[in-house]
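To start, the structure under review is shown below, and the notes come after it.
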Amino acid sequence: MSTFVDKIAWNSDGLVPAIAQDYKTGKILMMAWMNAEALTLTVQENRAVYWSRSRQKLWRKGEESGHVQQLKEIRLDCDSDVIMLQVEQIGGIACHTGRESCFYLVLENGEWRSVDPVLKHQRDIYP
């Protein structure tokens, strides 16, 4: 029997990119990777669970920082190879740098410039 997980066009590593978007504002918060288990747990737990490529293990967003992503909706793109999570970002911080979004650098005159403030210093998030 086919499940929703079987509809995903997983890459050769068994992963799919997952974009987290604020469900109220539409702001893109971050991008991470999911495997089938992470996607299944995300649905079961109603919170974002990702696959850490560097640590080679599952990680529940906010397990260390407290900045949990409560799931509101999951969407799949037309090619079935990108997932978009509509989330409520608890604490208003998605990025490990202490910013609202991981996308805080803007290219201006050939240079990357930070345009979003640090809301909480890393040392206070990860003591």
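The values are calculated or read from the model by the stated rules, or taken from the named source; none is laboratory data. The shown structure was predicted, so the numbers you read here are calculated from the model rather than taken from an experiment. Cβ atoms come from the backbone with ideal geometry, glycine included; neighbour counts cover every protein chain shown. Just so you know, the surface numbers come from the protein's heavy atoms only, side chains and all, with ligands and any DNA or RNA stripped out. Shrake-Rupley method; radii C 1.70, N 1.55, O 1.52, S 1.80 Å.
Computed from the C-beta positions of residue 63 and residue 31 and an R0 of 22 Å, the FRET efficiency is 0.75 to the nearest 0.05. Annotation: amide H-H contacts under 5 Å for residue 30 (H modelled 1.01 Å from N, sequence separation of 5 or more, or interchain): 20, 102. Qualifying trypsin sites (Lys or Arg not before Pro) in segment 32-127, where qualification requires a DSSP coil assignment and no more than 12 other C-beta atoms within 10 Å, comprise 53, 55. Expressed to the nearest 5 percent, the antiparallel share of DSSP beta bridges inside segment 14-125 is 80 percent. For the chain, find the longest principal axis of its Cα atoms and tell me its angle to the long axis of helix 36-45, 0 to 90°, nearest 10. Relative to the chain, helix 36-45 is tipped by roughly 80 degrees.
For residue 61, which aspartates and glutamates qualify as cross-link partners when the Cα separation must be under 15 Å and same-chain residues fewer than eight apart are set aside? Output for residue 61: 22, 37, 45, 88, 100. How large, in percent, is the carbon and sulfur part of the accessible surface of segment 1-48 at a probe radius of 1.4 Å? Carbon and sulfur together cover 55 percent of it. The portion of the accessible surface of segment 70-127 made up by carbon and sulfur, rounded to a whole percent, is 49 (1.4 Å probe; DNA, RNA and ligands excluded).
A cut-off of 5 Å between modelled amide H atoms, ignoring neighbours fewer than 5 places along the same chain, links residue 82 with 77. Surface analysis of segment 6-127 yields an accessible area of 58 Å² per residue, using protein heavy atoms and a 1.4 Å probe.
Sequence-ordered 3J(HN,Hα) estimates for segment 22-29 from the Karplus curve with 6.51, -1.76 and 1.60 and θ = phi - 60° stand at 5, 5, 8, 9, x, 5, 6, 9 Hz, glycine and proline given as x. For segment 6-73, what ratio Rg/Rh do Cα atoms give with a Kirkwood hydrodynamic radius? Using Cα coordinates only, the ratio equals 0.95.
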